[in-house]
Structures are given as C-alpha cells and as structure tokens.
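Everything below concerns the one structure shown next.
The values are calculated or read from the model by the stated rules, or taken from the named source; none is laboratory data. This one's a predicted model, so the numbers in the text were calculated from it and none came from an experiment. Please note: Cβ atoms are built from the backbone with ideal geometry, for glycine as well, and neighbour counts cover all protein chains shown. Each accessible area value is taken on the protein alone, full model and side chains, heavy atoms only, with ligands, DNA and RNA left out. Shrake-Rupley method; radii C 1.70, N 1.55, O 1.52, S 1.80 Å.
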Amino acid sequence: MKKSLKLLIFLIVACLSLIILFQVNQMVVIVPDGLYKRDETISVEIEEMRKSNLDLVDQYKDLTVIDVHSHDADALDVSERRNNENYTSVRDTWSKYGIDRTVLFGAVSDPTALKSDKLSWTYYQKYPELIYPSFSGFQTEKNSDGIAIVRKQLENGYMHIGEIFGAATYSPHASVLWKAQHPNSGILPEIYDIASEYDVPVLLHIDPPSGVPISQFEKAMDNHPKTTFIFAHGNVHTSPEFLRDLLERHENLMIDFFAGYTAYNPTSKFQLMDFVSLVEEYPNRFVIGSDSGYDIGIDKSYLAMYELIDLLSAKTAGKVAYQNFEQLMERQLPTQKQMDEIISLSKELHIEGKTFGLNKREANELIFTLNKKKSLKSKE
C-alpha cells in the first residue's frame with residue numbers, strides 16, 4: 001500500500017509538473033530591455049559625408065536627424081486629409097530636409113492641446129518610424145486631474161511630456177489657459193516625479209529666462225535630480241555663458257537648441273559659432289529642434305539645424321543630431337499596461353511560446369502590429 005501511495009503521489013506530481021511546464025511553454029514572455037548603445041562609427045561616417053561638395057541637406061542625407069520640438073500635429077492632420085495632389089504634406093517637408101524622426105505635439109498648455117495630443121498618437125500609430133508622440137494637454141493647478149492624465153498617457157505609451165508652459169509672460173501664446181505660474185508651481189513637482197518614474201523627459205518653456213521663472217526652474221531641477229529636464233529653445237534670449245552656468249550646476253538638464261532662431265532671427269544677438277565651444281564642452285546635453293519654424297519659417301529652421309551640425313566636430317555632431325535624444329527614447333521600459341495588452345492580444349491571436357525583449361517604443365510598435373493582425377483576422 002505504501003509503495004502504491006508513493007507511486008500515485010509521484011505520478012500526480014509529475015503530471016502537475018508537465019501541465020505547468022506546458023503552460024509556461026505556451027506563454028508569451030516579455031523581457032523589458034532599455035539598453036541603448038551608441039553607434040561609435042557615426043563620426044567616421046560624418047567625416048566622409050563632409051568630403052562632398054553637395055549642399056548641407058544632401059551632404060548629410062545619410063545622417064539620422066531628430067527634430068525634438070514640433071508643434072505640427074494639427075498641420076500634419078490637415079495636410080494628410082487634403083485631396084489636392086499638388087498640396088505639400090508635412091511628411092513631404094520632413095523628407096525634403098532629411099528629418100528622420102520628429103517629437104510631435106501641437107497646442108501647448110491649453111484645452112486645445114487635448115485634440116493635438118490625440119492627433120500626435122493617431123499619426124504615431126500610422127507612422128511609428130517617423131514620430132515620437134508627446135502631449136501637453138493637462139492642467140497644472142492643484143486639485144486638477146492633471147496628475148491622473150499624465151500617468152494615464154505615459155502608461156498608454158506616450159514617450160515625452162511637453163511642451164509645458166512652465167512660465168509665459170512675453171510669448172504671443174502667453175494667454176494659454178493651462179500655463180503654470182512658474183516651473184515649480186501647482187502639481188508640476190508631482191509631474192516631475194512621475195516623469196522620473198517612467199524615465200520620460202519633460203520639455204519646459206521658460207519665459208522670461210530670468211528672475212523667478214529661472215530660479216524656480218533651478219529649484220525644480222535640484223529637487224528632482226532623477227528627472228530629465230529639457231529647456232525648450234534654450235538659446236532664445238540667452239547667452240552661451242548663461243547656458244554654460246546652468247549646465248554646470250544641473251546634471252539633469254538638456255538644452256533644446258533652436259538653431260533657426262540664432263541663425264536667422266534678427267533679434268538674436270549671437271551667431272551659431274558663438275555656441276559651438278559650449279556644445280563641444282557639453283556634447284551629451286544638447287538636442288536640436290525646429291520649433292516648427294517659429295518666426296522664421298520651417299525651411300530656415302531645418303537649414304539652420306544642418307548649419308549647426310556642420311560646425312561641430314564629427315563626434316559631437318552625431319550626438320546632437322540624434323544620439324542624445326534617441327537614448328532618452330530607447331532607454332524607456334515598457335509599461336504594465338503595454339505588457340498586459342501584448343499578452344492579451346497574443347492570446348487572442350494564438351501566439352504562444354514567444355519571448356519578446358522590448359523597450360517602450362518597441363512595445364508600442366508590437367501592439368500596433370498585433371492590433372492590425374487582429375483587425376485582419378476579424379474580417380476573414
């Protein structure tokens with residue numbers, strides 16, 4: 001009897017083990033992977049590009065360039081919905097100037113941004129290889145639903161917060177309804193904590209770049225050392241010395257350099273060359289943005305980005321053109337919602353026994369692919 005009982009127990013345990021092993025083998029496994037490795041050969045490639053006598057855009061056509069600051073979500077929507085074949089799409093402009101990826105949002109710190117944010121996501125789903133989705137449609141006052149909105153958007157897959165009007169006095173858009181009193185007011189400190197939790201950068205508009213706005217900006221950076229702050233168009237109405245001082249004091253600060261302003265806006269007191277030594281001193285802390293050609297037009301804005309790239313050393317040029325920002329995107333890990341959705345879709349599509357190593361961007365793109373397969377399957 002004892003031997004029979006032991007044999008029965010053994011068989012039961014063995015069967016249970018096989019069932020568990022079978023189930024495990026059928027499961028989809030997601031391994032979060034935020035490892036980013038810079039392409040160290042890009043400086044050699046840039047040196048080769050510079051040997052040509054082509055104009056700058058053609059000369060650097062093989063260089064990845066990321067526009068980190070675009071308000072064109074609404075403009076892209078209009079251009080995509082036009083039926084006139086002679087009408088130029090925003091995507092055509094990106095292609096013309098070799099802009100490989102764009103951080104896309106629209107209206108800023110205003111109720112109208114809620115629509116822009118949706119458009120940013122809609123076109124990200126349509127063109128994931130071209131767009132990083134951003135959002136700014138949330139209130140910053142205490143007792144608002146801003147914190148819930150920010151967390152929901154980041155959990156859903158957005159990869160960037162902003163542009164946020166952390167302070168706006170002289171901007172033509174200073175009357176927006178959801179601007180903050182200063183960069184450390186209302187719920188902004190909580191927003192910075194959430195941004196750190198999701199490892200997402202925050203793009204802040206600081207106007208004027210002096211007095212209380214700047215002192216509160218510095219306080220925010222000091223109080224949230226693990227949050228990456230990007231100073232929107234940080235070279236506008238500032239000097240290289242001013243930026244050097246900020247960069248020296250705050251390791252979590254990056255500068256969105258609006259080259260078009262310095263190169264082509266008559267109100268600029270400096271030339272691009274005046275900032276080159278600073279960028280070379282802090283090669284990992286600068287990114288470039290067009291600001292949708294504000295006050296100068298998009299053509300000059302994109303041209304100026306290449307003019308700055310051409311003035312930099314080959315190693316720094318690659319970092320500023322795309323690597324510094326690409327790293328901020330690629331190191332983000334998939335959210336719980338993304339992982340749950342991938343597992344759910346995999347079950348519906350009978351995908352079994354697969355292991356996916358994913359960052360947040362890759363998780364988004366896998367979800368888009370699986371949803372397309374689901375849609376096609378439902379039509380069969």
- Here the qualifying pairs (Cβ atoms under 6 Å; residues six or more apart or on different chains; first in segment 170-186 and on the phi > 0 side of the Ramachandran plot; second open to solvent by 30 Å² or more (accessible area, probe 1.4 Å) and in a loop (DSSP other than H, G, I, E, B)) come out as GLY186/GLU141; GLY186/LYS142
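Hey, any hits in segment 101-111 for a residue that's farther than 26 Å from SER175 by Cβ and either open to solvent by less than 10 Å² (accessible area, probe 1.4 Å) or in contact with a Pro (Cβ under 8 Å, 6 or more places away or on another chain) (or both)? Reasoning before the result, please.
Our first condition is that a residue be farther than 26 Å from SER175 by Cβ; within segment 101-111, this holds for 101-102.
Pick out the ones that are also either open to solvent by less than 10 Å² (accessible area, probe 1.4 Å) or in contact with a Pro (Cβ under 8 Å, 6 or more places away or on another chain) (or both) and you get 102.
Among the residues of segment 101-111, at least one is farther than 26 Å from SER175 by Cβ and either open to solvent by less than 10 Å² (accessible area, probe 1.4 Å) or in contact with a Pro (Cβ under 8 Å, 6 or more places away or on another chain) (or both), which makes the answer yes.
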- Task: Output the residues belonging to segment 293-307 that are open to solvent by 30 Å² or more (accessible area, probe 1.4 Å) and assigned to a helix (DSSP H, G or I).
- Result: ILE298, ASP299, LYS300, LEU303, GLU307
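Specify the residue that is farthest from ILE288 (Cα to Cα); the eligible residues are those in segment 235-269 that are open to solvent by 10 Å² or more (accessible area, probe 1.4 Å) and of a type in the set (Val, Ile, Thr). Steps first, answer last, please.
Keep residues of segment 235-269 that are open to solvent by 10 Å² or more (accessible area, probe 1.4 Å), which gives 236-239, 241-242, 244-245, 248-249, 251-252, 254, 261, 263-269.
Applying the additional criterion that residues be of a type in the set (Val, Ile, Thr) yields 236, 238, 267.
Details: VAL236: 13, THR238: 16, THR267: 20 Å.
Of everything passing the filter in segment 235-269, THR267 is farthest from ILE288 (Cα to Cα).
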- Restricting segment 349-380 to residues that are acidic (Asp, Glu) and either modelled with pLDDT under 95 or part of a loop (DSSP other than H, G, I, E, B) (or both), the residue that is least open to solvent (accessible area, probe 1.4 Å): GLU352
- Message: Quick check on my filter: what residues within segment 124-140 are open to solvent by less than 10 Å² (accessible area, probe 1.4 Å) and among the hydrophobic types (A, V, I, L, M, F, W, C)?
- Response: ILE131, PHE135, PHE138
- In segment 48-81, what residues are under 15 Å from TYR322 (Cβ atoms) and open to solvent by 50 Å² or more (accessible area, probe 1.4 Å)? LYS61, ASP62
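Residues are listed down the side, and each one gets a yes or a no for (1) assigned to a loop (DSSP other than H, G, I, E, B); (2) among the hydrophobic types (A, V, I, L, M, F, W, C); (3) under 21 Å from ARG331 (Cα atoms):
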{"residue": "ALA195", "(1), (2), (3)": "no, yes, yes"}
{"residue": "HIS205", "(1), (2), (3)": "no, no, no"}
{"residue": "PRO208", "(1), (2), (3)": "yes, no, no"}
{"residue": "VAL212", "(1), (2), (3)": "no, yes, no"}
{"residue": "ALA220", "(1), (2), (3)": "no, yes, no"}
{"residue": "THR227", "(1), (2), (3)": "yes, no, yes"}
{"residue": "HIS233", "(1), (2), (3)": "yes, no, no"}
{"residue": "VAL236", "(1), (2), (3)": "yes, yes, no"}
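Identify, please: which residue in segment 180-193 is open to solvent by less than 10 Å² (accessible area, probe 1.4 Å) and at pLDDT 95 or above and is, among those, farthest from GLU248 (Cα to Cα)?
Applying the first criterion (open to solvent by less than 10 Å² (accessible area, probe 1.4 Å)) to segment 180-193 yields 180, 183, 187-188, 191-192.
Then keep just the ones that are at pLDDT 95 or above; that gives 183, 187-188, 191-192.
Details: PRO183: 20, ILE187: 27, LEU188: 24, ILE191: 24, TYR192: 21 Å.
Restricting to residues being open to solvent by less than 10 Å² (accessible area, probe 1.4 Å) and at pLDDT 95 or above, the top hit is ILE187.
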- Query: Taking ASP274, is it of a type in the set (D, E, K, R) and open to solvent by less than 30 Å² (accessible area, probe 1.4 Å)?
  - Reply: no
- Message: Could you tell me how many of the residues in segment 154-177 are part of a loop (DSSP other than H, G, I, E, B) and either modelled with pLDDT of 95 or more or of a type in the set (Ser, Thr, Tyr) (or both)?
- Response: 7
- Task: Identify, by number, the condition in (1) surrounded by 20 or more Cβ atoms within 10 Å (Cβ to Cβ); (2) touching a strand residue (DSSP E or B) at 6+ places or on another chain (Cβ under 9 Å); (3) modelled with pLDDT of 95 or more that GLY146 doesn't meet.
- Result: (2)
- Answer residue from segment 11-44, given it is farther than 22 Å from LEU328 by Cβ and at pLDDT 50 or above and is least open to solvent (accessible area, probe 1.4 Å) among those: VAL28
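Here's a check for you: in segment 96-136, which residue that is among the polar types (S, T, N, Q) and within 15 Å of the chain's Cα centre (by Cα) is nearest to ASP291 (Cα to Cα)? Spell out the reasoning first.
So the first thing to find is which residues in segment 96-136 are among the polar types (S, T, N, Q), and the list is 102, 109, 112, 116, 120, 122, 125, 134, 136.
From what's left, within 15 Å of the chain's Cα centre (by Cα): 102, 120, 125, 134, 136.
Values: THR102: 11, SER120: 16, GLN125: 22, SER134: 14, SER136: 15 Å.
Result: THR102.
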- Note on the structure: By residue number, the members of segment 285-317 that are hydrophobic (A, V, I, L, M, F, W, C) and within 19 Å of ASP100 (Cβ to Cβ) are PHE286, VAL287, ILE288, ILE298, LEU303, ALA304, MET305, LEU308, ILE309, LEU312, ALA314, ALA317
